[in-house]
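The values are calculated or read from the model by the stated rules, or taken from the named source; none is laboratory data. Source: prediction; values computed, not measured. Positions of Cβ are generated from backbone atoms using ideal geometry, with glycine treated the same way; all protein chains shown enter the neighbour counts.
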């Protein structure tokens, strides 16, 4: 992080040490809580769900964790509108994904 005020580098460094780790701790606050994953069919820690899509939460995160964690508030606090659009975009149906994988496998055998 580049200091905004070159005259006060120690103040900027102290601010960074005090407040940036706190944001990270808030992001990781619920990571050890286990809940049933409706997509995979077994219990997983929240951290898995929070980082499932290349560092972004699983699209089903609101469905699985709403009873134990204020998930909507968590998403609104830690992710911007663009990230939320990516998180909650329409996912292809499982059958479509399976058929695509079968087609790719057949194409690879030829």
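When you scan region 102-110, do you find a residue that is modelled with pLDDT under 90 and assigned to a loop (DSSP other than H, G, I, E, B), even just one?
Within region 102-110, one or more residues are modelled with pLDDT under 90 and assigned to a loop (DSSP other than H, G, I, E, B).
Which of the following residues is at pLDDT below 90, more than 22 Å from residue 34 (Cα to Cα) and surrounded by 12 or more Cβ atoms within 10 Å (Cβ to Cβ): 52, 91? If you could, list the steps in order and put the result at the bottom.
Working: 52 fails: more than 22 Å from residue 34 (Cα to Cα).
Matching residue, one of 52, 91: 91.
Among the numbered criteria (1) outside any loop (DSSP other than H, G, I, E, B); (2) exposed (fewer than 12 other Cβ atoms within 10 Å of the Cβ); (3) modelled with pLDDT of 60 or more, which single criterion is violated by residue 38?
Evaluating residue 38 over (1) outside any loop (DSSP other than H, G, I, E, B); (2) exposed (fewer than 12 other Cβ atoms within 10 Å of the Cβ); (3) modelled with pLDDT of 60 or more leaves (1) as the failure.
I'm checking my understanding of the structure. Among residues of region 40-66 that are without any contact (Cβ under 8 Å) to a residue 24 or more places away in the chain and more than 12 Å from the chain's Cα centre (by Cα), which one is nearest to residue 94 (Cα to Cα)?
40
Please state which of the following conditions residue 74 fails to meet, knowing it meets all the rest: (1) in contact (Cβ under 8 Å) with a residue 40 or more places away in the chain; (2) over 11 Å from the mean Cα position of the chain (by Cα); (3) crowded, with 16+ Cβ neighbours inside 10 Å.
(2)
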